[in-house]
1. Cut-off 10 angstrom, C-alpha nodes, Gaussian network model of the chain. Which of GLU248, GLU236, GLU162 fluctuates the most?
2. If packing is taken as the mean number of other Cβ atoms within 10 Å per residue, what is the order of 25-34, 9-18, 371-380, highest first?
3. With a cut-off of 8 Å between alpha carbons and a minimum separation of six or more residues, what is the relative contact order of the chain in percent?
4. Just to confirm, what accessible area per residue do you get for the chain at 1.4 Å probe, in whole Å²?
5. Here is the link list: LYS74/LYS365; LYS231/LYS334; LYS210/LYS231; LYS169/LYS334. Which ones come out longer than 21 Å on Cα distance?
6. Hey, got the dipole for the chain? About the Cα centre, +1 on K and R Cβ, -1 on D and E Cβ, debye to the nearest 20?
7. Please state the shape class of the chain: rounded when a/c is under 1.5, otherwise prolate if a/b exceeds b/c and oblate if not, all from the C-alpha gyration tensor.
8. Among rounded, prolate and oblate, which fits region 17-66 when a ≥ b ≥ c are the square roots of the eigenvalues of its C-alpha gyration tensor, a/c under 1.5 means rounded, and a/b larger than b/c means prolate?
Amino acid sequence: MNERILISGASIAGLTLAHWLARYGFRPTVVERAPAPRSGGNGVDVRGNATEVAERMGILSRIHEFATDVHGMKFVDAADRAVARIDTRDPASIEIMRGDLVALLHEVTDVEILFGDSILGLEQDDDGVSVTFEHAPARRFDLVVGADGMHSNVRRLVFGPEERFVQFKHHYFAFADTDASLGENRWVTMFNTPGRMTGIYRSGNHPQAKAYFMFRSAPLRYDHRDVAEHKRLISEAFGRESSWRTRELLDAALADPDFYFDALGQVRMNSWSDGRVALVGDAAWCASPVSGAGAELALVGAHLLAGELAASGGDHRVAFARYDTAHRPLVNAKQRIGPNVRLMVPRTEGGRCVRDVVARLPLMKVIGAVERRAQARNARPLPEYALGRRGNGA
Ligand SMILES: Cc1cc2nc3c(=O)[nH]c(=O)nc-3n(C[C@H](O)[C@H](O)[C@H](O)COP(=O)(O)OP(=O)(O)OC[C@H]3O[C@@H](n4cnc5c(N)ncnc54)[C@H](O)[C@@H]3O)c2cc1C
């Protein structure tokens, strides 16, 4: 029962889910809007049970190989002098460029992937789901899972409009490739004016660097898929700033075809499933990039969802409920994002001065260590799911 499973989105959540479903003997198909796995983005963290998921998938050593080795955040003044540094290193966490992680997951996931396509319509009945695509012929599946990010198409089609589920957190952010010589090796350098941050993410193990922008704003109306419009918005926010390296970073961002822009938002849902359709990853619970938990939640959540489907013999009613119960405590904990945004983007000049003083105190290190200890104490072991439905699982 429930063998053919369509997954929308070939990123961290979608590929992890497809990998595990295939290992458990299901027949997953992935549909991805982009023509190939999307490679953009900054570093993401693999920690906690996500490390165990990566180990079980056989990619943990490769993740270590690609690790970024970033030491922390450095705040600078307009003359590029460091005014404060926060060491964010965590021995229990591995940071890897998002694109590298997606490439590793793609390598170990041997399933049918329909690139350059998207679900147009879904109709569920007692026996399955009829799916129409923008390009591929219509097909029938037993279950459908939306792993298509914060602006999920599946969530919109089945659960309702985005505004019901995405809470805007008063900021927009953007990443783009830039000249590595602009930033200090192994540090995320940040420069602030009130309500704005320009930065350079510079990993120790990569030749490239990322320009990083964040600004406080009322909600803006724009098409979240229109890159030209995103570039116009970032130009409007930073185009009049000439201090520090903002001009060079902005020029690099506007020239980058892989430019990535989004609202800082969180997805809150009471249930991650409706009948034969479920959600996983940012589509279900996006905690926002400032949580630093997107990859961790996606890896663990996708593993749990596949495992519960296998453990229940493919019974989606049982599996979807167990998946929700098992994963929600971690999601709730990670959605409490604390003072991260205020640290990165102080609203006023006074706030920036206070931030710089606080950042110079050893306090931040102590808070980080206390948080990590609390998380380790509350951690639940990752379930080991039995052999797959056809006896060829993990
Ligand atoms: C290009 C990019 C850059 C990112 N950069 C960062 C970063 O620097 N830092 C950070 O913390 N997080 C970043 N994120 C988000 C991060 O990947 C997620 O928070 C987290 O890893 C969970 O991943 P996910 O698989 O749930 O969602 P996502 O990684 O957002 O992936 C969603 C996938 O669904 C695809 N998709 C979207 N719409 C459709 C559709 N209609 N049909 C089919 N496929 C669709 C997208 O192309 C994408 O591949 C980025 C996401 C993307 C897509």
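The values are calculated or read from the model by the stated rules, or taken from the named source; none is laboratory data. All figures in this text were calculated on a predicted structure; none of them were measured in a lab. Glycine gets a Cβ as well: all are built from the backbone with ideal geometry, and neighbour counts include every protein chain shown. Accessible surface areas use protein heavy atoms only, side chains included; no ligands, DNA or RNA. Shrake-Rupley method; radii C 1.70, N 1.55, O 1.52, S 1.80 Å.
1. The residue that fluctuates most here is GLU236.
2. By packing density, highest mean first, the sequence is 9-18, 25-34, 371-380.
3. Numbers: 807 pairs, mean separation 90.4, N = 394.
The normalised contact order for the chain reaches 23 percent.
4. 43 Å²
5. On the way: LYS74/LYS365 14 Å; LYS231/LYS334 30 Å; LYS210/LYS231 16 Å; LYS169/LYS334 15 Å.
Exceeds cut-off: LYS231/LYS334.
6. 1360 debye
7. prolate
8. Working: a/c = 2.39, a/b = 1.14, b/c = 2.11.
Cα axes put region 17-66 in the oblate bin.
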